[in-house]
Amino acid sequence: MLNVKFEHDFTKVNARIDAMAKQQLPFAASKAINGTTALAVAAVKSEMQRVFDRPTPWALASIGRTTSTKDRLSADVFVKDEGYKTIAPKKALGHQFSGGARAFKKFEGALMRIGLMAPGEIAVPAAGAQLDSYGNMSRGQIVQILAYFQAFAEQGYRANMTTKTKTRLAAGKKKAFGTAYFFRRDGAGRGIWARYTFSSGSSIKPVLLFTRAASYRRLIELPRIVQETADREFEQQFSQAFASAMASAR
């Protein structure tokens, strides 16, 4: 479940307060709900930092919430289903919150389109992969691999490498080793490998290994975290909001 709605029944509270207090109740209730869901989002992010290995700012920003109003006393905490110039967080991270298989990444789809990866496989960074500070494969190397294997479709085909560019990449430069990628399917590991050439020799390392997509267990229990936060925080949030509303009304 990737979407959790928080609501509260104010019927009993409403019966105990006077007319002026009743006028302030919707404002206080709305403010309390919003304060509680803000704390719930923070709690989910804290759990992500505990469970995940160096979650990126993008991953932490994937948790969103709607806000309550005095006319709609409810709010949602959810994994965002829209992304800006990238895959939607719900698609990329949904398996972490609900279990099941992870969605294929765009570069994996490109490798499937040209026949290097089989449907149902995923690409796992290996010893020759360049990783960023969060442990993810660098975007620069992913783009380089797609260009090397002519994997960009019509929209980005001009980024694909020519034979001349591949030769220049393999030769390297004065202060940079040469790199040549190749597809390997033997017992050493099916995937994309690289031959690195140095002034004193060369080495071969796997960069991306292809394996069957696994089924993931749920790591973040969003409904439980939101409910526990509401049980722990809402009463105080409402008391503070109601006291503030009453003071302003007098």
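The values are calculated or read from the model by the stated rules, or taken from the named source; none is laboratory data. Note that this is a predicted model, so its numbers are computed, not measured. We place every Cβ from the backbone using ideal geometry, glycine too, and count neighbours over all the protein chains shown.
What is the one condition in (1) in contact (Cβ under 8 Å) with a residue 60 or more places away in the chain; (2) crowded, with 16+ Cβ neighbours inside 10 Å; (3) more than 30 Å from Asp132 (Cβ to Cβ); (4) not charged (D, E, K, R) that Gln23 does not satisfy?
Unmet condition: (2).
Can you tell me which of (1) touching a Gly at 6+ places or on another chain (Cβ under 9 Å); (2) in a helix (DSSP H, G or I); (3) among the basic types (Lys, Arg) is the one Arg195 doesn't meet?
So Arg195 meets the others, but not (2).
Scan segment 119-151 for residues that are crowded, with 18+ Cβ neighbours inside 10 Å and assigned to a loop (DSSP other than H, G, I, E, B) and jot them down.
Selection gives Gly128, Ala129, Phe149, Ala151.
Just to be sure, is Leu116 over 24 Å from the mean Cα position of the chain (by Cα) and buried (at least 20 other Cβ atoms within 10 Å of the Cβ)?
yes
If we scan segment 130-142, do we find a residue that is among the aliphatic types (A, V, I, L, M), over 30 Å from Ile63 (Cβ atoms) and not assigned by TED's automatic domain parsing to the domain that holds Ala43?
no
When the residues of segment 196-250 are narrowed to those that are of a type in the set (Phe, Trp, Tyr) and either touching a Pro at 6+ places or on another chain (Cβ under 6 Å) or modelled with pLDDT of 85 or more (or both), which ends up nearest to Leu39 (Cα to Cα)?
Only one residue tops the list, namely Phe234.
Test each condition in (1) out of contact with any Pro (no Cβ under 7 Å at 6 or more places or on another chain); (2) within 30 Å of Gln23 (Cβ to Cβ) for Ala110 and report the one that comes out false.
(2)
Limited to segment 99-113, what total is found for residues that are touching a strand residue (DSSP E or B) at 6+ places or on another chain (Cβ under 9 Å) and surrounded by fewer than 20 Cβ atoms within 10 Å (Cβ to Cβ)?
Qualifying residue count, segment 99-113: 8.
Among residues belonging to segment 43-70 that are surrounded by 13 or more Cβ atoms within 10 Å (Cβ to Cβ) and small (Gly, Ala, Ser), point out the one that is nearest to Asp132 (Cα to Cα).
Here the answer is Ala59.
Conditions (1) touching a residue at least 12 places away in the same chain (Cβ under 8 Å); (2) surrounded by 12 or more Cβ atoms within 10 Å (Cβ to Cβ); (3) of a type in the set (S, T, N, Q), marked per residue:
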| position | (1), (2), (3) |
| --- | --- |
| Lys166 | yes, yes, no |
| Ala176 | no, no, no |
| Gly189 | yes, yes, no |
| Phe198 | yes, no, no |
| Phe210 | yes, yes, no |
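Would a scan of segment 33-51 turn up a residue that is outside any helix (DSSP H, G or I), out of contact with any Gly (no Cβ under 7 Å at 6 or more places or on another chain) and at pLDDT below 95?
Checked segment 33-51: no residue is outside any helix (DSSP H, G or I), out of contact with any Gly (no Cβ under 7 Å at 6 or more places or on another chain) and at pLDDT below 95.
Let me spell it out: the conditions are (1) crowded, with 16+ Cβ neighbours inside 10 Å; (2) in contact with a strand residue (DSSP E or B) (Cβ under 6 Å, 6 or more places away or on another chain), and Ile204 meets all of them except one. Which number is the exception?
So Ile204 meets the others, but not (1).
Quick check: anything in segment 220-235 under 30 Å from Gln130 (Cα atoms) and touching a helix residue (DSSP H, G or I) at 6+ places or on another chain (Cβ under 9 Å)?
yes
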